[in-house]
Structures are given as structure tokens and as C-alpha cells.
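Down below is the structure, laid out as C-alpha cells.
The values are calculated or read from the model by the stated rules, or taken from the named source; none is laboratory data. What you see is a predicted model, and the numbers here were worked out from it, not measured in a lab. Positions of Cβ are generated from backbone atoms using ideal geometry, with glycine treated the same way; all protein chains shown enter the neighbour counts.
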Amino acid sequence: MPLETLLARVERIRPLPGVARRVVALVEDDAASVDKIQAEILKDQVITARLLKLCNSAYYGFPRKIGAVSEAVVLLGFNAVRSLVLSLGLKEIIQAPLEGYSMAAGELWRHSLACALIARRIAQISGYADAERAYTAGLLHDIGKVALDQFVRAEFGEIVGRAGSGEKAFSQAEQEILGFDHCQVGKMLLEHWRLPAALVEAVSLHHRPSEAVLDPRLAALTHAADGLTLMAGFGLGADGLAYKIDPAALEKLGLDTEKIETLLGTVPDLVGGGLRAYED
């Protein structure tokens with residue numbers, strides 16, 4: 001299937017809720033304010049209710065009940081609220097099983113949230129300035145799999161067969177059979193949603209971080225977070241067995257063996273708490 005044909009089909013995928021896209025755009029805008037962000041969130045009653053429920057969960061542990069979106073925005077900050085709204089919007093899109101990737105219902109969501117949380121932690125460890133942007137890149141990195149699983153399912157047997165030995169990356173097998181991979185499809189989808197260019201780049205190059213030019217550290221961070229998420233056992237699927245983390249990406253982030261081992265030791269609590277918060 002030509003990539004252009006797939007693009008036309010990608011546009012039929014359930015869209016990211018408008019409130020999520022608008023909140024992302026607002027936070028990127030220097031003119032953003034608590035009132036403007038609250039006004040956008042309140043346009044979606046479901047996301048509003050879920051956001052307040054999440055803010056009042058044990059995961060955040062605020063000493064008093066958060067009763068208004070404006071309170072949540074002030075307490076958490078613009079960037080963290082952006083992360084929450086995106087997470088709530090994306091969860092509904094990626095809950096379905098992905099048969100081509102051997103991922104059960106909810107598995108891509110768990111992998112994506114785990115990757116987001118690990119990406120945020122790597123950002124904090126490595127001194128990357130915007131930990132919430134790192135979270136967002138981790139959250140969205142595999143969104144292209146949703147489109148591929150829906151629209152090119154017939155070719156997955158051949159892709160799995162080619163990648164099944166573990167000698168070839170799944171994305172490389174996708175490229176050989178289809179002429180494109182889930183990273184390129186993710187790029188098209190995020191561009192269709194009009195998300196920021198550096199974020200789109202990190203998602204599209206999360207298997208080839210050395211090619212990034214807009215924000216090389218964000219691409220390296222997303223790549224490393226994906227690999228560490230798989231090492232921790234979240235969402236291995238058909239494509240995780242041959243995943244190798246690029247040593248140059250780890251070097252760019254200042255992640256040595258000791259730091260990686262320490263980080264992996266925190267993953268059960270870090271990710272477990274996040275998953276429970278979204279499932280409450």
C-alpha cells in the first residue's frame with residue numbers, strides 16, 4: 001500500500017480529542033493563562049471529570065480536595081496539565097488489542113504510559129529542561145502502530161516472520177515489506193493533529209535518534225525510554241524482542257550502567273503507581 005493511501009486512511013482513525021490538541025497548542029503559546037487552559041478543558045465534560053478524579057487520587061496525594069480545573073492547573077502547572085489531558089485523550093484511542101503486534105487489549109496503553117513515565121524520569125536525571133515534553137514524546141511514540149494494525153493487517157504475518165528471528169528490528173521488517181514503518185505513520189498522524197515539530201521528530205525518529213536535528217536529546221531520550229520500558233517488561237509485543245538501545249543515545253543523555261540499573265529499580269513503583277491512578 002502506498003504511504004499516501006495509508007495517509008488518507010489514517011485520517012479516519014478516531015481523532016485525539018479537540019480539547020487535548022487545543023491544550024497542547026495553548027501551552028506552547030506564551031500567551032497561555034490559567035483561565036484559557038481551564039476554559040478549553042471545561043469544553044469536554046468527560047476529560048474534566050477524569051482530570052479532577054486523577055488529581056484527587058492517591059497518586060498525587062494533595063492534602064485537600066481539588067474541586068476546580070483552575071486549582072489543578074495552578075497546583076500542577078501548565079506542562080503537567082498538558083501531559084494529563086493528552087494521557088486521558090490518548091487512552092481511549094489505544095486501548096484496543098493490536099493483533100499484528102501481538103499486544104492484548106490495553107497493552108499498548110500500558111506500554112505508552114510506562115514509556116512516558118520513564119521518559120520523564122530520564123529527563124529529570126539527565127537534566128533535560130522540559131520533563132513534561134519528554135513525557136509526551138514517550139506517551140505518543142508508538143501511535144503509528146494503531147494505524148498499521150488497522151490498515152495493513154494482512155502483511156503482518158510476513159513482517160513477523162522476517163523479524164521473528166530477533167536478528168532484524170521489527171521497524172526494519174516493516175520498512176522492507178511495506179515501504180514505511182510505524183514511526184513514519186506516527187509522524188503523519190501527529191502532523192495531522194498539528195502537534196509541535198520537535199515532538200513529531202522525536203516520535204518519528206525514536207528508532208533512529210541520531211538523525212534528529214530539531215531536538216536531538218528529546219529523540220535520544222524517547223529512544224532510551226522505549227528500550228528501558230521494554231527491558232522492564234511493559235508491552236514487549238512482537239517487536240520488542242530485537243530492540244537494541246543505541247549506546248550513542250545513552251551517552252548523549254549521560255546514562256551509564258549504574259544510572260540505568262538504579263532507574264530500572266524504581267520502575268515498578270514509578271509505573272505501577274501511574275497505571276493504578278489511571279485505572280481508578
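Condition (residue is in contact (Cβ under 8 Å) with a residue 24 or more places away in the chain, surrounded by 14 or more Cβ atoms within 10 Å (Cβ to Cβ), within 20 Å of GLU132 (Cβ to Cβ) and not assigned by TED's automatic domain parsing to the domain that holds ALA224) applied to segment 62-71: is it met by at least one residue? Within segment 62-71, one or more residues are in contact (Cβ under 8 Å) with a residue 24 or more places away in the chain, surrounded by 14 or more Cβ atoms within 10 Å (Cβ to Cβ), within 20 Å of GLU132 (Cβ to Cβ) and not assigned by TED's automatic domain parsing to the domain that holds ALA224.
What residue, among those in segment 23-61 that are surrounded by fewer than 19 Cβ atoms within 10 Å (Cβ to Cβ) and among the charged types (D, E, K, R), is farthest from LYS91 (Cα to Cα)? So the residue we want is ASP30.
Okay, residues lined up against (1) at pLDDT 95 or above; (2) crowded, with 19+ Cβ neighbours inside 10 Å; (3) closer than 29 Å to ALA105 by Cβ:
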site	(1), (2), (3)
GLY227	no, yes, yes
LEU230	no, yes, yes
GLY240	no, yes, yes
ASP256	no, no, no
LEU264	no, no, yes
VAL267	no, yes, yes
LEU270	no, no, yes
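Need the failing condition index for SER83 against (1) assigned by TED's automatic domain parsing to the domain that holds TRP193; (2) assigned to a helix (DSSP H, G or I); (3) within 22 Å of PRO216 (Cα to Cα), just the number. Condition not satisfied by SER83: (1). Taken residue by residue, segment 145-155 has no member that is under 14 Å from the mean Cα position of the chain (by Cα) and acidic (Asp, Glu). The residues listed here are ALA212, ALA169, ALA219; of these, the one that is small (Gly, Ala, Ser) and modelled with pLDDT under 95 is ALA169. Segment 111-186 holds helices (runs of 4 or more DSSP H) entirely within its bounds, and those carrying 2 or more residues that are closer than 25 Å to LEU86 by Cα and not hydrophobic (A, V, I, L, M, F, W, C) map to 131-140, 144-151.
Output the residue which, of all residues in segment 172-225 that are basic (Lys, Arg) and touching a residue at least 40 places away in the same chain (Cβ under 8 Å), is surrounded by the fewest Cβ atoms within 10 Å (Cβ to Cβ). Break it down into steps so the answer makes sense when it comes.
Filtering segment 172-225 for residues basic (Lys, Arg) gives 187, 194, 208, 217.
Next, only the ones that are touching a residue at least 40 places away in the same chain (Cβ under 8 Å) stay: 187, 194, 217.
Values: LYS187: 18, ARG194: 12, ARG217: 19.
Ranking the qualifying residues of segment 172-225, first place goes to ARG194.
Criterion applied to TYR101, TYR135 was being modelled with pLDDT under 90, among the hydroxyl-bearing types (Ser, Thr, Tyr) and within 29 Å of ILE260 (Cα to Cα), and the one residue passing it is TYR101. Looking at ALA147, ALA119, ALA131, which one is of a type in the set (A, V, I, L, M, F, W, C), in the same structural domain as MET231 (by TED's automatic domain parsing), touching a residue at least 60 places away in the same chain (Cβ under 8 Å) and closer than 27 Å to LEU250 by Cα? Result of the check over ALA147, ALA119, ALA131: ALA119. Scanning segment 76-107 for residues that are in contact with a Cys (Cβ under 8 Å, 6 or more places away or on another chain) and closer than 14 Å to ASP35 by Cα yields a total of 0.
Just checking, how many residues over segment 207-237 are in a helix (DSSP H, G or I) and hydrophobic (A, V, I, L, M, F, W, C)? Give the steps one after another, and end with the answer.
Pass one, segment 207-237, residues in a helix (DSSP H, G or I): 209-211, 216-231.
If we keep only those that are hydrophobic (A, V, I, L, M, F, W, C) as well, we get 218-221, 224-225, 228, 230-231.
Of the residues in segment 207-237, 9 are in a helix (DSSP H, G or I) and hydrophobic (A, V, I, L, M, F, W, C).
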